[in-house]
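The values are calculated or read from the model by the stated rules, or taken from the named source; none is laboratory data. Fair warning: this is a prediction, and the values are worked out from it, not measured in the lab. So basically every Cβ, Gly included, is an ideal-geometry build from the backbone, and we count neighbours across all protein chains shown.
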Amino acid sequence: MTEVKLSIGYDEFEAGQRIGSEIEKLSSSPESAALSSLIIGDWGQAYENSAEEVVAALVKHSTSFPALRKLFIGEMDYEECEISWITQSDLSPLLAAYPELQSLTIQGGNDLSLSELKHDKLEELIIITGGLGKSVLAEIAAGELPNLRKLELYLGVDNYGFDGSLQDILPLTEPGKFPKLTYLGLKNSEIEDEIAAAVADAPILDQLDTLDLSLGTLSDKGAEALLASERIKKLKALNLSHHYMSAEMVARLQSSGLPVDVSDKQETDDDEDWRYPSITE
Amino acid sequence: MTTRTGVIRPLRSNAPLRPLIVFGNPGDKRTGGIQQARQRLGQPPALIVPYAGLLEGRTLEELLAAQQRELPWAAAGTAPPLLRLDSPGGSFETEQALIALGSSEAGDVDDGLHPFGARPDPRPLGLAAAGRLKPQPGVLHHPSQWFRGYCRMLARLQREAADMFPQALWINDPAEIAAMTDKRRAQQILAGSGVPIPRPLEGGHGPADYASLREAMSMQRMHRIFIKLACGSAASGVIAYQINPTTGAEIAITTVGVEDYITRPPLYYNSGKLRRYTDTASISGIIDWLCRHGAYAEQWIPKTGPDGRSFDVRQLVVNGEACHAVARVSRTPITNLHLRSKRMSLAEAGLGEETRSRIRRTAEAALAAFPLSAIAGIDVLVSKNSQQPYVADVNPFGDLLYEVDYRGYGTYEWEMKVLAGPLKDGSP
């Protein structure tokens, strides 16, 4: 497997470098033919400039990347751009241009769209956001992804773009929607308890190996619903890490025999307001 | 590099050891560390001159005489002493006394070492008001007046020491300590010596207020910056600030906490919890306060780091040579908040030998920009994009590093050994 990451730093962008020409350069390089994984990092002040240029260049040069199977659009961290400020665009032209693609990871939810979500071979769709819009949830629910094995959605909070509710999430869990789905991640949500209660005994569980409700605000309430479910026992992995459950609930889950990850318990903020002296060195 | 700093000419191994006088707080980790190191190396203990005594108005001569009936350097053939200034931090009484010394009511003072001494301090505290200050954990009582008092104390020590020991050598020159402590001046000096620094926001050498800072950011298309209290240490008074040119949104990530009052001005303090402000009222209040006390603004260079984290490196340089180093790895952009960062060796942080060597050379060049100083802890960050090192800070007291060794020596042991040792070029 060969992997390349392209990104444009602040200074490079100010100096006139553009992601479109970097992609073009890569497409005419000898390594393009064998490239199987491409990571697009910051495309240049992504809080101001959308991913449109990335999409256009990748579509234009798609024939130069015949081996590409894995694509990540927007791999950047807080040192480069706030995740909630990353400006995406409609990424579905990438799917049409790369019919052999197996994995697509997207970071950033602003202006994100997947208007024509159709792909015969895509196995993984991962969307990492601080807040995923309900319009995108609807597009995914309407998508045709017959080979999808893994769907991982970081739903986020309303402050950062999650404008939906449980009703917008539930269509994703209809059995038969993604017939080959075995990994479902509805995570990083501020309504994690509601999600847990809704999926705890949902028919979709019968086809899953892994249910991932991690990184959200899961508390004892959601955990009770999970524990009460028969269907949950068939899972091979239940990821609840980064949670707000009580120690008692964590102990109950651990002794339940479920293959559960309850690591990274979050504390409430009360005791964190300690202060430190200004001159320490 | 060694010859370029030039200040400490360590004596030949057969020459008598220079006595060491340390200005500091007796019994704290720093002065204690120095004494332990000297003991381990078989060197006589240093004389510790307490800041508290100096600030009570006692002279250097009185304080030294009180410690020892017979001063070692009075004996014939004794080398003149080395003088070392250590951190005045860690004591509320010292902070309070320095704020008082920075008052316009303090008599017979010398602002000659203050790099921006002519700039007035906001809401100055008189002697009586300074005396009424109460110790409150983390509260930044009056940073600019504190710094003025500190520079005045340095000037006084410089004068008294010159009178008493004309041949004495400062390990770090007091004027350079003042310059290192004021980030506006320190970064100017570094840039003037060709040391790579994060690009200052134009007009960033003392932005007037929130509004002008935002305007400068927009004009210069520098949407992500660090704003620092000019005379703060470590993560004291530091903001990672960004504006979104499309939406107008803003985010300030900072250690500065605010207590608001109805009848008096807000109180600003260093919070152990990193805060994230997104409302203009809070952000402009903090930035305006920093600007009034003197602020410095520079480009936020994305820092490299392992697994989605970022780090900076504290690289100690002693007498021209880079020695002890630690990487401070954090999940937040403010890596020098010591209590929230994980310390790693540079190798553990994933830095290859080539980058480590560039960090060492950059740190050595930074200290060389202060030709009258022999010891400083240099904060170096490595750009995520270019892997180029940049100097973010020069800490004259940046040698209190735990559990890190260089050639088998702790920081103080290494310093004491180098300062006592033979010349590096081996000349007789």
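Observations
- Residues in segment B:182-211 that are in a strand (DSSP E or B) and hydrophobic (A, V, I, L, M, F, W, C): B:L201 only.
- Criterion (surrounded by 22 or more Cβ atoms within 10 Å (Cβ to Cβ), among the β-branched types (V, I, T) and within 29 Å of B:G117 (Cα to Cα)) met by exactly one of B:V313, B:V317: B:V317
- Looking at segment A:22-130, none of the strands (runs of 3 or more DSSP E) lying wholly inside it contains 3 or more residues that are closer than 27 Å to B:T304 by Cβ and touching a helix residue (DSSP H, G or I) at 6+ places or on another chain (Cβ under 9 Å).
- Only one of the numbered conditions (1) in a loop (DSSP other than H, G, I, E, B); (2) away from chain A (no Cβ under 14 Å) is not met by B:L154, and that is (1).
- Taking every residue in segment A:106-132 that is within 15 Å of A:L186 (Cα to Cα) and pairing it with any residue that is among the basic types (K, R), at least 6 positions away or on another chain, the pairs with Cβ-Cβ distances below 7 Å are A:E124/A:R149; A:E124/A:K150.
- In segment B:362-375, the residues that are of a type in the set (S, T, Y) reach residues that are assigned to a helix (DSSP H, G or I) with C-beta atoms within less than 6 angstrom, at least six apart or across chains, in these pairs: B:S373/B:E176.
- Close contacts from segment A:255-267, counting a first residue that is of a type outside the set (S, T, N, Q) and a second that is loosely packed, with under 12 Cβ neighbours inside 10 Å, with Cβ to Cβ under 8 Å and a gap of 6+ residues or different chains, come to A:P259/A:K236; A:V260/A:Q254; A:V262/A:Q254; A:K265/A:A247.
- Residue within segment B:289-310 that is closer than 30 Å to B:I171 by Cβ, within 11 Å of chain A (Cβ to nearest Cβ) and of a type in the set (A, V, I, L, M, F, W, C) present: no
- For segment A:3-35, a residue qualifies if it is surrounded by fewer than 16 Cβ atoms within 10 Å (Cβ to Cβ) and either in contact with a Gly (Cβ under 7 Å, 6 or more places away or on another chain) or in contact (Cβ under 8 Å) with a residue 40 or more places away in the chain (or both), and the qualifying residues are A:E3, A:K5.
- Output for segment B:122-151, where each listed residue is more than 14 Å from every other protein chain (Cβ to nearest Cβ), crowded, with 20+ Cβ neighbours inside 10 Å and either among the basic types (K, R) or in a loop (DSSP other than H, G, I, E, B) (or both): B:L125, B:R148
- Reported count of residues in segment A:169-208, each being out of contact with any helix residue (DSSP H, G or I) (no Cβ under 9 Å at 6 or more places or on another chain) and under 15 Å from A:K236 (Cβ atoms), is 3.
- Test for A:E48: is it within 14 Å of chain B (Cβ to nearest Cβ) and of a type in the set (D, E): yes
- Leading residue by the ranking (surrounded by the most Cβ atoms within 10 Å (Cβ to Cβ)) among those in segment B:153-209 that are more than 22 Å from B:T59 (Cα to Cα) and of a type in the set (K, R): B:K183
- Matching residues in segment A:102-116 - criterion: being surrounded by fewer than 20 Cβ atoms within 10 Å (Cβ to Cβ) and on the phi < 0 side of the Ramachandran plot: A:Q102, A:S103, A:T105, A:S113, A:S115, A:E116
- Taking segment B:212-232 as the range and being surrounded by fewer than 23 Cβ atoms within 10 Å (Cβ to Cβ), in a loop (DSSP other than H, G, I, E, B) and either away from every other protein chain (no Cβ under 13 Å) or in contact (Cβ under 8 Å) with a residue 40 or more places away in the chain (or both) as the test, only B:M222 passes.
- Some residue of segment A:7-20 being at pLDDT 95 or above and touching a Leu at 6+ places or on another chain (Cβ under 6 Å): no
- Which listed residue is over 21 Å from the mean Cα position of the chain (by Cα) and in a loop (DSSP other than H, G, I, E, B), from B:E354, B:E348: B:E348
- Qualifying residue in segment A:54-71 (condition: buried (at least 17 other Cβ atoms within 10 Å of the Cβ) and either within 13 Å of chain B (Cβ to nearest Cβ) or more than 16 Å from A:A96 (Cα to Cα) (or both)): no
- Number of the condition not met by A:D201 [criteria: (1) surrounded by fewer than 19 Cβ atoms within 10 Å (Cβ to Cβ); (2) under 21 Å from A:R149 (Cα atoms); (3) modelled with pLDDT of 95 or more]: (3)
- Within segment B:311-338, considering residues that are outside any strand (DSSP E or B) and among the hydroxyl-bearing types (S, T, Y), the one nearest to the other protein chains (Cβ to nearest Cβ): B:T332
- Options A:L238, A:L227, A:L213: the member that is more than 23 Å from A:V136 (Cα to Cα) and buried (at least 21 other Cβ atoms within 10 Å of the Cβ): A:L238
- Residue ID - nearest to the other protein chains (Cβ to nearest Cβ), chosen from residues in segment B:200-211 that are of a type in the set (A, V, I, L, M, F, W, C) and more than 19 Å from B:Y390 (Cα to Cα): B:A211
- Answer residue from segment B:386-424, given it is among the acidic types (D, E) and more than 14 Å from chain A (Cβ to nearest Cβ) and is nearest to B:N172 (Cα to Cα) among those: B:E415
- Of the residues making up segment A:212-220, at least one is of a type in the set (D, E), in a strand (DSSP E or B) and in contact with a Lys or Arg (Cβ under 6 Å, 6 or more places away or on another chain).
- Test: residue in segment A:264-274 that is under 25 Å from A:H119 (Cα atoms) and in contact with a helix residue (DSSP H, G or I) (Cβ under 8 Å, 6 or more places away or on another chain): no
- Filter pass, B:S383 being among the small types (G, A, S), under 26 Å from B:R185 (Cβ atoms) and within 11 Å of chain A (Cβ to nearest Cβ): yes
- Selected residue (criterion: surrounded by the fewest Cβ atoms within 10 Å (Cβ to Cβ)) from residues of segment B:287-307 that are more than 16 Å from B:Y241 (Cβ to Cβ) and of a type in the set (G, A, S): B:G305
- Residue within segment B:277-286 that is surrounded by fewer than 16 Cβ atoms within 10 Å (Cβ to Cβ) and either in a loop (DSSP other than H, G, I, E, B) or touching a helix residue (DSSP H, G or I) at 6+ places or on another chain (Cβ under 7 Å) (or both) present: yes
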